[in-house]
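K.L.:
Just passing along the structure, written as structure tokens.
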Amino acid sequence: MPLISVPEAIKSLQEGELVAIPTETVYGLAGRIDREETLRSIFLTKSRPFFDPLIVHVADSEQARDLAKEWPAIYDLLAREFWPGPLTLIAPKTERISSLITSGLDSVGLRCPKHPLALEILRGVGVPLAAPSANRFGRTSPTRAEHVIAEFADQVKVVDGGPCEVGVESTVLRAELRNQVWNVEILRPGGISQPQIRHLLEREKVSFTITRAHSIASPGHTKAHYQPESPVVILNGKISDEEVIKLRLREHGHVVNQIRHLKLPEDVTLAARVLYQNFRELSAEQTAIVVEKHLIHAGEDWQAVWDRIERAAILHL
Ligand code: TXA
Ligand code: MG
């Protein structure tokens, strides 16, 4: 078994190796940010294209500020409220951040994770850690240690921190001051919802606008992503006949003899927590996973869950 303890993980990471670590969102494939060969091996292990930038994980906001050339004042508010937690802040980078991490961009994504073992590891290593989700590129992110093992077998050492509490990746956010108004852009919806951010900024009497950016603003967050082994189909209420679904799948090159339904819980926190686990459990040979769109699963709180289902889906019927 590739499972290792926290002290072993700290030692391996200090030596420049990769270790899959638990965070509250998903497991991350971590490596120290100050070694080019370590960073390169993150991309190679995941078969991740070099144009998809990595998130840098820090032990606290001071460490984040040290890596940013500018630190927008609004980030102090956001970090105080949501860190440690599932929020990634995009800031102009300093020289300390390799362009391998940022895929050549001038900005870097910074996040302080909430999982107690992630924090213990970050403090122990003493150097910030770059960590993308610990899955092969384009696939479903792991929310349990056994998912990482299923993905990489003995190739990657793993720290088991139990099932991830949030279950979907962090919210990626960028903010800029324009004419005295903070322009807040959600580049990727995630563990902190748009209403949570809005409520904080209203409470603090910040003058702001908040928008959801087009996916192009978040490099690597490609249209097809998070795909489980089995094809995912979204049903919009027009078609429910299984034979019709199979026929339409066949037209798209998927021969399927079994349809399985992913039933979303009514509670959005729970729905996010179990989403990737459900994708994995429902996947099987010649099987399609269908998800029905219901009104009870609508609204801004659901943005992250639907973003992931839509990117996983190959067909809308
Ligand atoms: O919850 C998470 O964020 C997890 C855990 C492990 O922390 N990590 C994660 O990493 O989801 P990854 O590599 O799967 O997604 C990173 C994404 C990139 O694909 C990109 O969309 C965005 O973060 N990103 C990173 N740096 C950026 C930058 N400088 N500008 C814009 N987007 C950036
Ligand atoms: Mg990922």
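K.L.:
Using just the helices of the chain, give the 222 nm mean residue ellipticity in deg cm²/dmol: DSSP H runs with n ≥ 4 each add -39,500 (n - 2.57), and the total is spread over all residues, rounded to 500. Numbers along the way, then the final one.
P.N.:
Values: 11 runs with 104 residues, N = 317.
So the helix-based figure for the chain works out to -9500 deg cm²/dmol.
K.L.:
Give me log10 I(q)/I(0) at q = 0.08, 0.13, 0.22 Å⁻¹ for the range 27-173, Debye formula, one equal scatterer per alpha-carbon, no solvent.
P.N.:
Listed by q, the Debye log ratios stand at -0.20, -0.54, -1.60.
K.L.:
I've got another one for you. Run through the range 86-147 and list the GluC sites (Glu not before Pro) located in a DSSP loop whose Cβ has at most 11 other Cβ atoms within 10 Å.
P.N.:
Taking the range 86-147 and a limit of 11 other Cβ atoms within 10 Å, the loop GluC sites (Glu not before Pro) found are 95.
K.L.:
Related question: Give me the one-decimal nm value for the distance between modelled label points at residue 244 and residue 136, 7 Å along each residue's Cα-to-Cβ direction.
P.N.:
The two pseudo-label positions are separated by 3.5 nm.
K.L.:
Now, a different point. Of the DSSP beta bridges with both residues in the chain, give the percent that are antiparallel, rounding to the nearest 5.
P.N.:
45 percent
K.L.:
Follow-up question, since we're still on this one. Which angle between 0 and 90 degrees, to the nearest 10, do you get for helix 73-82 versus the longest principal axis of the chain when only C-alpha atoms count?
P.N.:
60 degrees
K.L.:
I want to verify a result. In a Gaussian network model of the chain, Cα cutoff 10 Å, which of these has the top mean-square fluctuation: 292, 202, 151?
P.N.:
Residue with maximal mean-square fluctuation among 292, 202, 151: 202.
K.L.:
Once amide H atoms are placed 1.01 Å from N in the peptide plane, what residues at a sequence separation of 5 or more from residue 88, or on another chain, have their amide H within under 5 Å of its amide H?
P.N.:
171, 172, 173
K.L.:
Find how much the distance from residue 259 to residue 50 grows on full extension, using 0.36 nm per residue of separation minus their present alpha carbon separation; answer in nm with one decimal. Mind showing how you got there, number by number?
P.N.:
Values: separation 209, 0.36 × 209 = 75.24 nm, distance 3.60 nm.
Taking 0.36 nm per residue and subtracting the Cα distance, the gain is 71.6 nm.
K.L.:
What is the angle, in °, between the Cα long axis of helix 242-251 and the longest principal axis of the Cα atoms in the chain? Nearest 10 is fine, range 0 to 90.
P.N.:
70 degrees
K.L.:
If I build a Gaussian network model for the chain, linking alpha-carbon pairs within less than 10 angstrom, which residue out of 31, 191, 162 has the largest mean-square fluctuation?
P.N.:
For the chain, modelled as a Gaussian network with Cα springs under 10 Å, the answer is 162.
K.L.:
Tell me the Kirkwood radius of the range 198-295: reciprocal of the mean inverse pair distance over distinct alpha-carbon atoms, in Å.
P.N.:
For the range 198-295, inverting the mean 1/r across all distinct Cα pairs yields 16.2 Å.
K.L.:
Moving to a separate point now. Run through all the Cα pairs of the range 1-107 and give the fraction in each 5 Å bin from 0, expressed as whole percent.
P.N.:
Values per bin, smallest distances first: 2, 11, 20, 22, 22, 15, 7, 2, 0, 0.
K.L.:
Next up: Could you name the aspartates and glutamates in cross-link range of residue 293, using Cα to Cα under 18 Å and dropping any fewer than eight places away on the same chain?
P.N.:
Reachable aspartates and glutamates: 241, 242, 266, 267, 301, 307, 310.
K.L.:
May I ask for the percentage of alpha-carbon pairs in the chain that lie more than 36 Å from each other?
P.N.:
So the portion of pairs separated by more than 36 Å is 18 percent.
K.L.:
Given 25 °C and 0.890 mPa s, how large is the Stokes-Einstein diffusion coefficient of the range 87-223 in µm²/s, with Rh as the Kirkwood radius over Cα pairs?
P.N.:
D = 145 µm²/s.
K.L.:
Say each of residue 8 and residue 41 gets a label point 7 Å from the Cα, pointing the same way as Cα to Cβ; how far apart are those two points in nm?
P.N.:
About 1.6 nm separates the two model spin labels.
K.L.:
Residues of the chain: accessible area per residue at 1.4 Å, in Å²?
P.N.:
Value returned for the chain: 45 Å² of accessible area per residue.
K.L.:
With a 10 Å cut-off between alpha carbons and a GNM built on the chain, which of 16, 237, 85 moves the most?
P.N.:
237
K.L.:
Now for a separate question. Measure off, as a whole percent, the carbon and sulfur share of the 1.4 Å-probe accessible area of the range 219-314, all protein chains present.
P.N.:
49 percent
K.L.:
What's the FRET efficiency of residue 274 with residue 179 using the Cβ-Cβ distance as r and R₀ = 30 Å, to the nearest 0.05?
P.N.:
For R0 = 30 Å, the calculated efficiency reads 0.10.
K.L.:
Given a 1.4 Å probe and every protein chain left where it sits, what share in percent of the accessible area of the range 89-162 is carbon and sulfur?
P.N.:
Reported share for carbon and sulfur atoms: 48 percent.
K.L.:
Now for a different question. Relative to the longest principal axis of the C-alpha atoms of the chain, give the angle of the C-alpha long axis of helix 36-46, reported between 0 and 90° and rounded to the nearest 10°.
P.N.:
Between the helix axis and the principal axis of the chain, the angle is about 10 degrees.
K.L.:
Any idea how far the Cα center of the range 297-311 sits from the one of the range 18-79, in Å?
P.N.:
Using only Cα atoms, the two centres lie 25 Å from each other.
The values are calculated or read from the model by the stated rules, or taken from the named source; none is laboratory data. Here the structure is a predicted model, which means the values were calculated and not measured. In this analysis, Cβ positions are derived from the backbone assuming ideal geometry, glycine residues included, and neighbour counts consider all displayed protein chains. In case anyone asks, the SASA skips ligands and DNA or RNA and just uses the protein heavy atoms, side chains included. Shrake-Rupley method; radii C 1.70, N 1.55, O 1.52, S 1.80 Å.
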